[in-house]
Amino acid sequence: MLEITRIREEKDQIIEGLKKRNVDFSEKINAIVQTDAAWREVKKELDDIAAESNRMAKEIGQLFKEGKQAEANAAKEKTNVLKEKEKTAKEKEAQLADDLQKRLYEIPNVPCAKVPVGKTPEDNVVAATGGTVPTLPESALAHWDLAKKYNLIDFEMGVKVTGAGFPFYYGKGARLQRALINFFLDQARDHGYLEVIPPFVVNQDSGYGTGQLPDKEGQMYHCEVDDFYLIPTAEVPLTNMYRDVLLNESDFPIKVTGYTPCFRREAGSYGKDVRGLNRLHQFDKVEIVHIEHPSKSYETLDGMVKYVENLLQQLELPYRVLRLCGGDMGFTSALTYDLEVYSAAQKKWLEVSSVSNFETFQANRLKLRYKDKEGKNKLAHTLNGSALALPRIVAALLENHQDEHGIKIPKALVPYTGFERI
RNA sequence: GGAGAAAUGGCAGAGCGGUCGAAUGCGGCAGUCUUGAAAACUGUUGUACUGCAAGGUACCGGGGGUUCGAAUCCCUCUUUCUCCGCCA
């Protein structure tokens, strides 16, 4: 959520900046400025009434103390009018505040200067590439066929027991999952991240804190009885640890990592992209989260991208780094890099990581602040990235590293799998 | 799940209808003293909104109520602790 003070002061720059998202927000922003002005006016009125009634209450107290019953009772009568006024002002104030809040929730983050102009994924800019695309024989199989051939993943069993998008992993398929999780967590630990095992369900406040609510309501599984949400990413619990927190500058940088399953309803998505492991309702992911000083957040973002690149290099996968254009960027982000691996049998780029700087957008909702050198409380910057999401990594590993004898496990992963080939 | 107790500032902890944004201690910050540090002493120290400012308003777990006036009384929810039950 954008800060109202910022909208007040930099209205035009914000409207201009949001144009990169290919939507004209000028009407909405202007409505916010108006609502805010109206709210402030009513708030002032309400404060004045409250001040007056506080003054009178004191006066009445004093009169009672002095034993002037009659005068006190007379003064009491007068407060009735005031109370009536206070009530209507209060209702108006609450209504305007609520309205303002709702409007603010509808405004996405302002893309930073580095965000390329564009509308569709085709407009994303390739910022880096790595690895080499293997040349596979014509007989090369897609990962869903390989999974079946070597009995690694059972999609039908998932359909039977739960539903589409909830696969079972067997034998070396299951062990490969576990190996990847451990590999990613160990790498993160070696790079200074605190490992965390968070809850996999969160409350509503947390959903709002990181921006899944209210706009992405339908993306999450909701346990209605308890009003809990299954996490769509570890970002939600890991970042919400810092909700309502006041940090010292010396606490920066905060670096946490966590493995969690992720649950996504992905309502409305279907078709060829959902085959095999490409899009699941439940998948495993290791996430990295940073809380940073505003002056360091972009430097940090670059470092995080480099870190994820290094993981992909160790897994011997061909990849590219995309700087997302304004039209393809998430609601809460100010700058996002997507990392994609090339899955050679599908002949497709698969997104395996998304690394973003949210600047103060999440921190504002979270009330995540730090005390600066002057003792002022300022909003911190939050960042996160997948490091990494497993299913598409598995898809690419199976497809790219297949040969006539099976599938070769990358060297870095062998200590974790305990086997060199499938 | 049942029965009790509790929730106050960064922390600990008083206050239980008006003089309370809130005693006191610790911590933090500034100063005195010291070659420096510690100790001691002195001062200072919550957040947000609003206003050019002076100031005003709100906040004592959340929400609602009683009252001219609520940290204080009532209702409700949440959380924590103790005891009992159930379970890993």
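Looking across A:Lys348, A:Lys378, one residue alone is closer than 18 Å to A:Val126 by Cα and either open to solvent by 20 Å² or more (accessible area, probe 1.4 Å) or within 16 Å of RNA strand B (Cβ to nearest atom) (or both). It is A:Lys348. Residues that are among the small types (Gly, Ala, Ser) and more than 15 Å from A:Lys85 (Cα to Cα) were ranked within region A:24-67; the one that is farthest from RNA strand B (Cβ to nearest atom) is A:Ser26. The residue pairs whose first member lies in region A:233-246 and is within 16 Å of A:Met220 (Cα to Cα), whose second member is in a strand (DSSP E or B) and among the aromatic types (Phe, Trp, Tyr), and whose beta carbons are closer than 9 Å, counting only pairs six or more residues apart or on different chains, are A:Ala234/A:Tyr259; A:Val236/A:Tyr229. Within region A:80-92, the presence of a residue that is outside any loop (DSSP other than H, G, I, E, B), open to solvent by less than 50 Å² (accessible area, probe 1.4 Å), among the polar types (S, T, N, Q) and within 13 Å of RNA strand B (Cβ to nearest atom) is excluded. The residue pairs whose first member lies in region A:19-44 and is more than 15 Å from A:Leu100 (Cβ to Cβ), whose second member is near RNA strand B (Cβ under 10 Å from one of its atoms) and of a type in the set (Gly, Ala, Ser), and whose beta carbons are closer than 6 Å, counting only pairs six or more residues apart or on different chains, do not exist in this structure. Tell me, yes or no, whether region A:68-76 has at least one residue that is at pLDDT below 90, on the phi < 0 side of the Ramachandran plot, surrounded by fewer than 15 Cβ atoms within 10 Å (Cβ to Cβ) and of a type in the set (A, V, I, L, M). Within region A:68-76, one or more residues are at pLDDT below 90, on the phi < 0 side of the Ramachandran plot, surrounded by fewer than 15 Cβ atoms within 10 Å (Cβ to Cβ) and of a type in the set (A, V, I, L, M).
Counting only strands (runs of 3 or more DSSP E) that sit wholly inside region A:337-422, those with at least 2 residues that are in contact with a Ser or Thr (Cβ under 8 Å, 6 or more places away or on another chain) are A:348-357, A:381-389. Close Cβ contacts (under 6 Å, 6 or more residues apart or on different chains) running from residues in region A:72-84 that are assigned by TED's automatic domain parsing to the domain that holds A:Leu46 and under 20 Å from A:Leu46 (Cα atoms) to residues that are within 8 Å of RNA strand B (Cβ to nearest atom) and modelled with pLDDT of 80 or more comprise A:Thr79/A:Met56; A:Leu82/A:Ser53.
Of all the residues in region A:149-158, those that are of a type in the set (A, V, I, L, M, F, W, C) and assigned to a loop (DSSP other than H, G, I, E, B) number 1.
The values are calculated or read from the model by the stated rules, or taken from the named source; none is laboratory data. These numbers come from a predicted model, not from an experiment. Cβ sites come from the backbone with ideal geometry, for glycine too, and all protein chains shown count toward neighbours. Accessible surface areas use protein heavy atoms only, side chains included; no ligands, DNA or RNA. Shrake-Rupley method; radii C 1.70, N 1.55, O 1.52, S 1.80 Å.
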